[in-house]
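Visitor: There's a structure below that I have some questions on.
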Amino acid sequence: MDITYILQIYLDRDRNIRIGKLGEFLFPKGYYLYVGSAKRNLRKRIKRHLRKEKKKFWHIDHLLSYGTVKSVWTGEAEEEDVADILGKKLNIPVKGFGSSDSRRNKARLFSGGVDENLLRGLGFKRLR
């Protein structure tokens, strides 16, 4: 079973960032939430996300070159369900970000602050 995680990322200033084949986008200063999942080795995946130096493989790798992970949340809710819920409450800064493997989600990256009560209500716990 997959474990779903949410990274709360902070950008300290406005930045133009190239996101792989999606193109270049302006990311305003502020908070972003990224929804991902891992079938196994969740800690290894999180540790990779926290490193600044790495080969850019996923869309999130490009954003994390400039942003700082402020918190990590984990839960057993389905990744696509979580992305649907966040997509109704927050803005989608880049359509298709992190969701190239999904026909259902418009994106897996959302801009805005984290509502800890919402995440806890979805069964998430703060890991970091």
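Visitor: Between Ile85, Ile6, Ile60, Ile19, which is in contact with a His (Cβ under 6 Å, 6 or more places away or on another chain) and among the aliphatic types (A, V, I, L, M)?
Guide: Checking each option against the conditions leaves just Ile19.
Visitor: Another one. Looking at the stretch 1-20, which of the residues that are touching an Asp or Glu at 6+ places or on another chain (Cβ under 6 Å) and touching a residue at least 40 places away in the same chain (Cβ under 8 Å) is surrounded by the fewest Cβ atoms within 10 Å (Cβ to Cβ)?
Guide: Residue satisfying both the conditions and the ranking: Arg18.
Visitor: Do any helices (runs of 4 or more DSSP H) lying entirely in the stretch 21-128 carry at least 3 residues that are touching a residue at least 24 places away in the same chain (Cβ under 8 Å), and which ones are they?
Guide: Those helices (runs of 4 or more DSSP H) span 42-50, 59-64, 79-89.
Visitor: Same structure again: Picking from Gly67, Gly23, Gly30, which residue would you name as being within 14 Å of the chain's Cα centre (by Cα), on the phi > 0 side of the Ramachandran plot and among the small types (Gly, Ala, Ser)?
Guide: None of the others qualify; the one that does is Gly30.
Visitor: Restricting attention to the stretch 21-61, and to residues there that are touching a Lys or Arg at 6+ places or on another chain (Cβ under 7 Å), farther than 20 Å from Asn105 by Cα and modelled with pLDDT under 95, which single residue is surrounded by the most Cβ atoms within 10 Å (Cβ to Cβ)?
Guide: Across the stretch 21-61, the extreme among qualifying residues is Arg48.
The values are calculated or read from the model by the stated rules, or taken from the named source; none is laboratory data. The shown structure was predicted, so the numbers you read here are calculated from the model rather than taken from an experiment. With ideal geometry, Cβ positions are generated from the backbone for all residues, glycine too; neighbour counts draw on all protein chains shown.
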